[in-house]
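Shown next, in structure tokens, is the structure this report addresses.
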Protein chains: 2
Amino acid sequence: MAKKVQSHVDPFYYHYPAGATIVTSHAGGCDNAMAVAWHSAVSREPPLYVISISPERFTHGMLLESGEFTVNFMPADQAELVALVGGSSGSDVDKFDAFSIDAEPGSQVAAPILATAFAGYECRVVGRHTYGDHDLFIGAIMAVQWEESAYTDGRWLDVERLSPIVYLGKDLYGGATPPALIDGDELVRETLGGG
Amino acid sequence: MAKKVQSHVDPFYYHYPAGATIVTSHAGGCDNAMAVAWHSAVSREPPLYVISISPERFTHGMLLESGEFTVNFMPADQAELVALVGGSSGSDVDKFDAFSIDAEPGSQVAAPILATAFAGYECRVVGRHTYGDHDLFIGAIMAVQWEESAYTDGRWLDVERLSPIVYLGKDLYGGATPPALIDGDELVRETLGGG
């Protein structure tokens with residue numbers, strides 16, 4: 001493909017899709033929820049997860065205060081909830097009340113896990129680094145919650161039963177098509193003709 | 001949903017889907033490519049991107065040596081290439097040669113951008129942090145390349161024209177369904193009844 005090239009693009013959205021998440025926090029007796037598309041796994045052992053949060057967000061102060069958060073992975077039928085959470089601030093409104101969010105405190109952290117999430121990570125902050133206009137918060141995953149029926153072998157999300165939100169930037173929320181199984185190791189053996 | 005709860009799950013794959021990327025590096029006169037599913041945007045201004053790379057990966061040493069990388073965002077029809085790249089190591093094989101990868105050096109970095117990527121970020125490493133069994137490499141995005149025809153208004157990936165890879169863990173590669181447009185701000189106004 002002949003590509004357009006540009007230096008210092010702002011805003012930059014070319015890296016989507018990403019899974020859409022709702023990050024929750026709990027501090028000062030209150031819960032808050034925030035839509036986060038900038039997130040990633042970091043380490044397998046110990047399991048660590050990172051989220052990138054602007055200091056302008058209400059969640060930022062709650063993370064500093066509590067040192068805890070949860071990351072909730074949402075199904076496609078919850079896209080409106082993600083958009084509602086993303087379109088409002090905890091400084092103006094109690095989102096759990098205003099949007100009738102069903103949630104319970106985590107098993108290891110006080111921040112809540114959403115009832116409609118297909119999986120949630122309960123995290124304790126173990127590192128924070130300021131980069132540009134955001135802070136990276138690295139969380140140790142203290143516990144995982146997941147909807148067993150949504151997974152094959154308890155591990156692989158069964159997209160035909162539960163399609164996850166695929167966020168494409170702006171206000172665009174899609175789902176995932178049923179995936180193909182492609183065995184990379186086998187494919188490498190076939191391609192390189194090795195043993 | 002009534003969720004299963006578990007502490008310290010290993011391996012943990014509950015957070016997928018993620019966009020599948022191919023990260024390239026260039027050092028000592030050689031190119032390498034690696035499949036990376038642990039990546040995220042970090043900051044909008046300046047634009048920064050993070051990838052999480054195990055020190056066991058061949059790419060890790062190349063990043064330390066060169067201080068540069070590119071992140072290539074791949075269409076669903078390139079899932080086999082991602083699997084091939086993911087199933088092999090640069091310590092054993094020249095992947096660009098073995099898998100006939102069409103690529104050119106970036107405009108700002110020596111690491112190459114893949115011809116079949118719908119977008120690529122050219123990054124210079126501005127930070128590295130070891131967490132658990134991986135290193136976070138934070139890259140300043142020096143340039144963006146994208147296939148203009150794949151985007152609406154030059155910005156929003158047109159999934160009906162070019163479906164991105166949606167990685168679901170293990171060897172599972174899907175695509176994205178055409179997204180719905182959900183205006184969060186408008187939805188909040190409707191829900192809260194505000195002005």
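Every number here is computed from the coordinates shown, using simple stated rules; none is lab data. Computed from a predicted model, the values in this text were never measured in an experiment. Cβ coordinates were reconstructed from backbone atoms using ideal geometry, including for glycine residues, and neighbour counts include every protein chain displayed.
Taking every DSSP helix (H) stretch of at least 4 residues in chain B, weighting each as -39,500 (n - 2.57) and dividing the sum by the residue count yields a mean residue ellipticity at 222 nm of -4000 deg cm²/dmol. Residue and distance for the chain B Cβ closest to the axis that moves B onto A, in whole Å, come to B:SER40, 2. Which one, B:VAL125, B:MET34, B:PHE69, projects farthest toward the positive side of the charge dipole computed for segment B:1-160 from Cβ point charges (K/R +1, D/E -1)? The Cα lying farthest towards the positive end belongs to B:VAL125.
Using a Gaussian network model of chain B in which every pair of alpha carbons under 10 angstrom is joined by a spring, one finds that among B:HIS39, B:HIS15, B:HIS60 the greatest mean-square fluctuation is at B:HIS15.
Quantify how strongly other chains surround peptide A:132-138 by giving the mean number of their Cβ atoms within 10 Å of each of its Cβ atoms.
6
Report relative contact order for chain A in percent, whole number only (criteria: Cα-Cα under 8 Å, sequence separation at least 6).
Rounded, it is 23 percent for chain A.
If you take every residue apart from A:ASP92 with its C-beta less than 13 Å away from the C-beta of A:ASP92, what net charge results, scoring Lys and Arg +1 and Asp and Glu -1?
Net local charge, A:ASP92 excluded: 0.
Selection among B:SER163, B:LEU84, B:HIS15 by position relative to the dipole of chain B gives B:HIS15 as farthest towards the positive end (Cβ unit charges, Cα centre). Residues within the reach of a label modelled at B:ALA98 (point 7 angstrom out along Cα to beta-carbon, backbone nitrogen below 16 Å), restricted to segment B:62-81, are B:80-81. Dipole magnitude for segment A:18-192: computed about the Cα centre from +1 point charges on Lys and Arg Cβ and -1 point charges on Asp and Glu Cβ, it is near 380 debye. Residues A:THR116, B:THR24, A:THR21, arranged from fewest to most other Cβ atoms within 10 angstrom of their Cβ, appear as A:THR116, A:THR21, B:THR24. Say a site is exposed when it is one of the GluC sites (Glu not before Pro), sits in a DSSP loop, and has at most 14 other Cβ atoms within 10 Å; what is then the longest site-free stretch of chain B? The segment B:57-159 is the longest one with no such site. Pairwise Cα separations in the protein assembly as shown fall into 20 Å bins from 0 onward with the following percentages, short to long: 30, 61, 10, 0. Evaluated with a Cβ-only charge set (Lys, Arg +1; Asp, Glu -1), the protein assembly as shown carries a dipole of roughly 480 debye about its Cα centre, given to the nearest 20.
Distances between copies at B:GLU190, taken between label points 7 Å from Cα along the C-beta direction, are 4.6 nm in increasing order.
Sorted from closest to farthest, the other copies place their A:GLY28 label points 5.4 nm away, with each point set 7 Å from Cα along Cα→Cβ. Find which of B:LEU187, B:PRO47, B:SER100 sits farthest along the positive direction of the dipole of segment B:18-192, computed with +1 on the beta-carbon of Lys and Arg, -1 on that of Asp and Glu, about the Cα centre. My answer, from the dipole projection, is B:PRO47. The distance linking segment B:62-82 with segment B:139-167 is 15 Å (Cα centroid to Cα centroid, whole angstrom). In the assembly of identical copies, B:GLU65 has its label point, taken 7 Å from Cα in the direction of the beta carbon, separated from the corresponding points by 5.0 nm (ascending, one decimal). The modelled label-to-label distance for the pair A:SER91/B:ALA180, using points 7 Å beyond Cα in the direction of Cβ, is 3.1 nm.
Could you please report the charge total around A:GLN108, scoring K, R as +1 and D, E as -1 over all other residues with beta-carbon less than 15 angstrom from its beta-carbon?
Charge balance in the 15 Å sphere: 0.
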